[in-house]
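A quick write-up on the structure given underneath.
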Amino acid sequence: MGHAVATEENGRDMQGTVLYGPGDIRFERRDDPEILNPTDAIIRLPATCICGSDLWPYRGLQPIKEPTPMGHEYCGFVEEVGSAVKSVKPGQFVVGSFATSDNTCPHCRYGYQSSCVQREFMLRAQAPFLRVPLADGTLVATPDGAPGDGLVPSLLACSDVLGTGWFAADAANVKPGATVVIVGDGAVGLLGVLSARQMGAERIIAMSRHAARQKLAREFGATDIVTERGDEGVARINEMTKGVGADSVLECVGTQESMMQAIQAARPGGSVSYVGVPHGVELKGQQLFYTHVHLHGGPAPVRRYLPQLIDLVINGKINPGKVFDLVLPLDRVAEGYKAMDERRAIKTLLRVN
Ligand SMILES: [Zn+2]
């Protein structure tokens, strides 16, 4: 792309992704990221990607007031750090969460870094360079130097989509031997399958009616596929679990139908996690009361899991990067959105250079 090369003015002449309105993604000249606070770092991204949650504003279902820089999943090489940054150094390869954190406040210490008192939600990551606030508390460096190119997709996945799928499994209390249901066959749901497998679930039921996604779900460890939805889907789960229901249900969509499907698929005393950003979801108190389920969800505290997830990737134990089924150069980002919007792609990886 050439745009990532420093120019004579010592700028990077950077281009990045901006959403102007429904369906209108542009790749255009933007201000170069700079150190604004002493706790910032600037990183250079070898690749970035598009999130399922980016589709809400892209579809106009989450209106934007002004042209909005897009992207919140990232990993890459540290180029520059602010004067107060202690643990992160130029040249390191780092992975960060979509939510920044100081990793020292009470919420961080309880493991909820995505509710950090200093949290900012990242934007602007669909670009070759990115400013990351609170670098010491947000970024985790890979051990033993920079990873090979082949690991970049899986490390990038740790930043949000795997971190969120992992939280979904953890928040749904997945234990060895458990029966787990995953509602939603998007990238997060598929990596929820992978996470449940890693946590030792015995039966993993993926709800999907899409052949390519069913195949990937099985590769990630699903033992059963259910194609029915809504009440029919719940009836099918009930039948498969001999009338008991699932121990753990991961809700990875965020609609009323998917949430009710998840709650009704759990056994009394079971756990339901919800990691799809809810849009129009309303729960009725009495209905919830009689289900006896544990509910736990929210924006995933990815930072809590990063060291463990990076380790699993580096040691070849998991390959979450398989979730990227479309790879495009970054300047063709608009095609990537369109393919995901039309469900032709599960998740788009955008290569820089
Ligand atoms: Zn904090």
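Quick note: the coordinates plus some simple rules give every number you see, no bench work behind them. Since this is a predicted model, take the numbers as computed values, not measurements. Quick reminder, even Gly has a Cβ in these numbers, built from the backbone with ideal geometry, and neighbours come from all protein chains shown.
Can you tell me the relative contact order of segment 165-297? Whole percent, Cα pairs under 8 Å, sequence separation 6 or more. Provide the component values of the computation, followed by the final result.
Numbers: 315 pairs, mean separation 34.2, N = 133.
For segment 165-297, the relative contact order is 26 percent.
Using θ = phi - 60° and the Karplus form 6.51 cos²θ - 1.76 cosθ + 1.60, what ³J(HN,Hα) does each residue of segment 318-335 get, whole Hz, x for Gly and Pro?
Karplus-based 3J(HN,Hα) across segment 318-335 equals 9, 9, x, x, 4, 5, 7, 10, 9, 10, 10, x, 3, 5, 9, 3, 4, 5 Hz.
Expressed in nm², what is the orientationally averaged projection area of the convex hull enclosing the Cα positions of segment 111-208? Walk me through the numbers on the way to the answer.
On the way: hull surface 32.5 nm².
Convex hull of Cα atoms, orientation-averaged projection: 8.1 nm².
Please give the calculated 222 nm ellipticity per residue for the chain, where each DSSP H segment of at least 4 residues contributes -39500 (n - 2.57) and the sum is spread over every residue; nearest 500 deg cm²/dmol? Write down the numbers at each step before the final one.
Details: 12 runs with 100 residues, N = 353.
One gets -7500 deg cm²/dmol as the mean residue ellipticity at 222 nm.
Out of every Cα pair in segment 165-297, what percent are spaced more than 26 Å from each other? List each step's numbers first, then the result.
Details: 770 of 8778 pairs.
Tail of the P(r) past 26 Å holds 9 percent of the pairs.
Can you tell me the FRET efficiency between residue 175 and residue 29 if r is taken as the Cβ-Cβ distance and R0 is 56 Å, rounded to the nearest 0.05?
Efficiency, from the Cβ-Cβ distance: 0.65.
Output wanted: per-residue J couplings in Hz (rounded whole) for segment 208-222, from phi through Karplus 6.51 cos²θ - 1.76 cosθ + 1.60, θ = phi - 60°, x for Gly and Pro.
7, 10, 10, 4, 5, 6, 4, 4, 5, 4, 5, 4, 7, x, 5
Pulled fully out, how much extra length does the chain show between residue 286 and residue 257, if you take 0.36 nm times their separation in residues and subtract their Cα-Cα distance? Intermediate results must be reported in sequence, preceding the final value.
On the way: separation 29, 0.36 × 29 = 10.44 nm, distance 1.76 nm.
My answer for the length gained is 8.7 nm.
Convert each backbone phi in segment 40-47 into a coupling constant with the Karplus relation 6.51 cos²θ - 1.76 cosθ + 1.60 (shift: θ = phi - 60°), then list the ³J(HN,Hα) values in order as whole Hz, x for Gly and Pro.
Karplus-based 3J(HN,Hα) across segment 40-47 equals 7, 10, 10, 10, 9, 9, x, 7 Hz.
Add +1 for every Lys or Arg and -1 for every Asp or Glu among the other residues with Cβ under 14 Å from the Cβ of residue 197, and state the total.
On the way: positive: 175, 203, 218, 317, 322; negative: 170, 202, 219, 224.
Charge balance in the 14 Å sphere: +1.
Show the residues, 5+ positions off or on another chain, whose built amide H is closer than 5 Å to the amide H of residue 80.
Those qualifying (amide H under 5 Å, at least 5 residues apart or on another chain) are 42.
List the pair-distance distribution P(r) of segment 111-160, using every Cα-Cα distance, as the percent of pairs falling in each 5 Å bin from 0 up to the bin containing the longest distance, rounded to whole percents.
4, 14, 22, 29, 18, 11, 2, 0
All other residues with a Cβ under 9 Å from the Cβ of residue 70 taken together, and with Lys, Arg as +1 and Asp, Glu as -1, what is their net charge? Kindly include the intermediate steps, with their values, before the conclusion.
Values: positive: 124; negative: 54.
Here the charged neighbours net out to 0.
Greater than 27 Å separation of Cα atoms is the criterion. Which listed pairs, 284/338; 242/322; 89/322; 175/215; 215/338; 215/284, meet it?
From the list (284/338; 242/322; 89/322; 175/215; 215/338; 215/284), the Cα-Cα distance tops 27 Å for 284/338; 242/322; 89/322; 215/284.
Find how many whole Å separate the alpha carbon centroid of segment 172-242 from the alpha carbon centroid of segment 73-120.
32 Å
Suppose R0 equals 35 Å; then what is the FRET efficiency for residue 84 and residue 109 from their Cβ-Cβ distance, rounded to the nearest 0.05? Don't skip to the end; give the middle numbers.
Values: r = 20 Å, r/R0 = 0.57.
With a Förster radius of 35 Å, E is 0.95.
Is the shape of segment 212-264 best called rounded, prolate or oblate, per the rule: a/c under 1.5 gives rounded, else a/b larger than b/c gives prolate, else oblate, with a ≥ b ≥ c the square roots of the Cα gyration tensor eigenvalues?
Values: a/c = 1.74, a/b = 1.22, b/c = 1.43.
Since a/c reaches 1.5 but b/c is at least a/b, the shape of segment 212-264 is classed as oblate.
Among 216, 150, 43, flag the residue with its Cα farthest along the positive direction of the charge dipole of the chain, charges on Cβ as +1 for Lys/Arg and -1 for Asp/Glu.
Of the listed residues, the answer is 216.
Can you list residues from other chains, or at least 5 along the same chain, whose modelled amide H is less than 5 Å from the amide H of residue 274?
For residue 274, the qualifying residues are 251, 296, 297, 298.
By counting other Cβ atoms within 10 Å of each Cβ, how are 215, 284 ranked from fewest to most?
Details: 215 13, 284 8.
Neighbour counts put them in this order, fewest first: 284, 215.
For the chain, give the magnitude of the charge dipole about the Cα centre (Cβ charges: +1 Lys/Arg, -1 Asp/Glu; no others), in debye to the nearest 20.
Values: 35 positive and 39 negative charges, 164 e Å.
Dipole magnitude for the chain comes out near 780 debye.
Once label points are set 7 Å from the Cα along Cα→Cβ at both residue 228 and residue 308, what is their separation, rounded to one decimal in nm?
For the pair residue 228/residue 308, the computed spacing is 3.4 nm.
Tell me, what is the FRET efficiency for residue 61 and residue 211 to the nearest 0.05, using R0 = 25 angstrom and their Cβ-Cβ distance as r? Intermediate results must be reported in sequence, preceding the final value.
Values: r = 26 Å, r/R0 = 1.05.
That gives a FRET efficiency of 0.40.
With the Cα gyration tensor of the chain in hand, convert its eigenvalues to equivalent ellipsoid semi-axes via √(5λ) and list them largest first in whole Å.
On the way: eigenvalues 243, 89, 70 Å².
So the three semi-axes of the chain are 35, 21, 19 Å.
Taking the number of other C-beta atoms within 10 Å as the exposure measure, put 97, 53, 208 in order starting with the fewest. Mind showing how you got there, number by number?
Values: 97 33, 53 21, 208 24.
Final ranking by Cβ density, sparse to dense: 53, 208, 97.
Would you pull out the residues with amide H under 5 Å of residue 266's amide H, same chain only if 5 or more places away, H placed 1.01 Å from N?
246
Run the dipole for segment 4-98 about the Cα centre, Lys and Arg Cβ at +1, Asp and Glu Cβ at -1, nothing else charged, and hand back the magnitude in debye, nearest 20.
Working: 9 positive and 14 negative charges, 69 e Å.
Result for segment 4-98 is approximately 340 debye, rounded to the nearest 20.
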